[in-house]
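A short write-up of the structure that comes next.
A short reminder: the numbers here are calculations on the coordinates, not readings from a lab. Just so it is clear, the model here is predicted, and its values are computed rather than measured. Cβ placement follows ideal geometry from the backbone for every residue including glycine, while neighbour counts extend to all protein chains displayed.
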Amino acid sequence: MFKNMEVISQFPSLSESELEDTARRLTTRFGYDHFPSQYGQFLRENNGCFFQAKDEESEVCVDLDLPFMNSTLVAGIFGVWFESFEGLEPLNKEWPELFASNENSKENFDVLPDNMMSFAYEGEGSGSLFAISTDIRDAGNVYYYYDEYLYSIIGRKRMLEQYGYCYFDRKLKQTLSRHNLDITALEEIDKSRQLEPGMVIDLLGGVSADCEFELNRNSFVLVANSFDEFLGKLKVEEA
């Protein structure tokens, strides 16, 4: 599966009981409906990892269907640290762990919507990440989240200059149109700032549950329909 790249383990593989404990603690703390089974199997075999291209001039990436980005780096996948591992040194103490990443993304910065779990990272110090859905409506889907701040100062500016529109604003309006909602009130707002789902929901009112669900995923770009498919899409590109 992993051609032309090395998979470097971060922590010891999880036992069945450790995996069950991980699933229970995650669903309890963060309110996930379930723990993705394919990701769980990966943790049984490889509890978090770094990806490293065998060619030093290349990087591990995944393709994106975005007008301002064709692909993005994938540095590695989060693993779980247990107290029983004490005395064993992780390869890089500065890089994220599964619970710490979700705490940071859900509780500290409120990046992830309900039933969305971060599981992989673009790179050290990056605000961009990969998340997997635990919601029954799109269970197992893997999404890419592009650092909102970075997009606001680089991506949005580039989109407006080159194409005359903001990708995420257009995507949001298309969702509203599919649900037969009037977007007239948004036309003036998006000239000065990016449209935010929460603000739009409050402004329009009467948004259905299905529409709200889609709006709250507006910043997330579908990459794969399952964790295993995501792994299969990883490739090596020249830096």
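Details
- The alpha carbon centroids of region 200-214 and region 1-65 are separated by 34 Å.
- Between ALA139 and GLN41, the modelled label-to-label distance comes to 1.5 nm, taking each label 7 Å out from Cα in the direction of the beta carbon.
- The modelled label-to-label distance for the pair LYS171/PHE2, using points 7 Å beyond Cα in the direction of Cβ, is 2.8 nm.
- Other residues with beta-carbon under 11 Å from the beta-carbon of ASP33 carry, at +1 per Lys or Arg and -1 per Asp or Glu, a net charge of -1.
- If the segment from GLU86 to GLU20 were pulled out straight at 0.36 nm per residue, it would be longer than the present Cα-Cα gap by 21.8 nm.
- Subtracting the Cα-Cα distance of GLU103 and SER9 from 0.36 nm times their residue separation leaves 31.6 nm of extension gain.
- Spin-label pair TYR163/GLU124, simplified geometry with 7 Å Cα→Cβ offset, distance in nm: 3.3 nm
- Rounded to the nearest 500, the 222 nm mean residue ellipticity of the chain from helices alone is -8000 deg cm²/dmol, with -39,500 (n - 2.57) taken per DSSP H run of at least 4 residues.
- Scaled radius of gyration (Cα, divided by 2.2 N^0.38 Å) that region 72-157 gives: 1.18
- Region 1-67: C-alpha gyration tensor shape, a/c 1.5 cut-off, then a/b vs b/c: oblate
- Fully extending the segment from THR27 to GLU237 would add 72.0 nm, taking 0.36 nm per residue of separation and subtracting the current Cα-Cα distance.
- FRET efficiency estimate (nearest 0.05) - Cβ-Cβ, SER71 to ASN225, R0 25 angstrom: 0.85
- The share of Cα pairs per 5 Å bin across the chain, counted from zero up to the longest distance, runs 1, 6, 13, 16, 18, 16, 12, 8, 5, 3, 1, 0, 0 percent.
- As computed over region 155-215, the Cα convex hull volume per residue (Å³): 79 Å³
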